[in-house]
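The structure under discussion appears below in the form of structure tokens.
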Amino acid sequence: KLSDRSFSFYIHCERFSERHIFYIYNFYYSRFYDLDAKAYKQGQTMKEYVGQCHCGGINFRFYSEDSVEIWKCNCSICEPLDYEHLFIKHDDFTIINGEELISEYSFGTKKAKHLFCKKCGIKSFYQPRSHPDSYSINLKCVKNPPEVTNIVYFDGKNKFT
């Protein structure tokens, strides 16, 4: 049986000089994407991923490339959790369910918004101060995560003091 997702895409291609742009509208998720044809041919298209907290009360989806760079930070909150930061633009992130279970914690400058589940206490994503236009997703909370091709070791302990 074909799922509803099989019929959810409308594809339109336009040519701008030597560059082709694919406009894809996903009716299932009511989202619009544009993909550069060159990136598409090189396998750099965005793929959908899902994640959740430990108890499954908070579920989210995001779009990312298959190969990603993550950050590891040594600050007082990231290091004890061994948090693996995957930065995803706000437009590429959606909470599926459990928004009512999200609680916020801030400290220091109060610029970062640490979000965690009220039931299980897991921080599966949050709003970092280092990337104000993105969420930081804990790669360990993602089902079948993208391949990590580079790890950046960030000195959060000393960088913002």
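Restricting to the range 140-154, name every residue that is part of a loop (DSSP other than H, G, I, E, B) and surrounded by 15 or more Cβ atoms within 10 Å (Cβ to Cβ).
P145, P146
Residue pairs, Cβ under 8 Å, 6 or more apart or interchain, first in the range 143-160 and closer than 26 Å to N59 by Cα, second part of a loop (DSSP other than H, G, I, E, B). List them.
P146/E65; P146/D66; E147/D66
Which of (1) among the β-branched types (V, I, T); (2) in a loop (DSSP other than H, G, I, E, B); (3) touching a helix residue (DSSP H, G or I) at 6+ places or on another chain (Cβ under 6 Å) is the odd one out, the single condition I70 does not satisfy?
Among (1) among the β-branched types (V, I, T); (2) in a loop (DSSP other than H, G, I, E, B); (3) touching a helix residue (DSSP H, G or I) at 6+ places or on another chain (Cβ under 6 Å), the lone unmet condition for I70 is (2).
Mind checking whether some residue in the range 72-81 is within 19 Å of Q52 (Cβ to Cβ), at pLDDT below 95 and loosely packed, with under 15 Cβ neighbours inside 10 Å?
yes
Do we find that K157 is in a loop (DSSP other than H, G, I, E, B) and at negative phi in this structure?
no
Which residue out of F125, F87, F93 is surrounded by 19 or more Cβ atoms within 10 Å (Cβ to Cβ) and closer than 16 Å to F60 by Cα?
Sole residue among the options that is surrounded by 19 or more Cβ atoms within 10 Å (Cβ to Cβ) and closer than 16 Å to F60 by Cα: F125.
Considering (1) free of Cβ contacts under 8 Å to residues at least 24 places away in the same chain; (2) under 30 Å from K159 (Cα atoms), say which one F125 fails and leave the rest.
(1)
Tally up the residues in the range 88-107 that are in contact with a His (Cβ under 9 Å, 6 or more places away or on another chain), over 17 Å from S130 (Cα atoms) and not in a strand (DSSP E or B), please.
0
Check H131, H85 and return the single one that is closer than 23 Å to T45 by Cβ, assigned to a loop (DSSP other than H, G, I, E, B) and touching a residue at least 24 places away in the same chain (Cβ under 8 Å).
H131
The values are calculated or read from the model by the stated rules, or taken from the named source; none is laboratory data. None of the values given here were measured: they were computed from a predicted structure. Because the Cβ atoms are built from the backbone with ideal geometry, glycine has one as well, and the counts that use them run over all protein chains shown.
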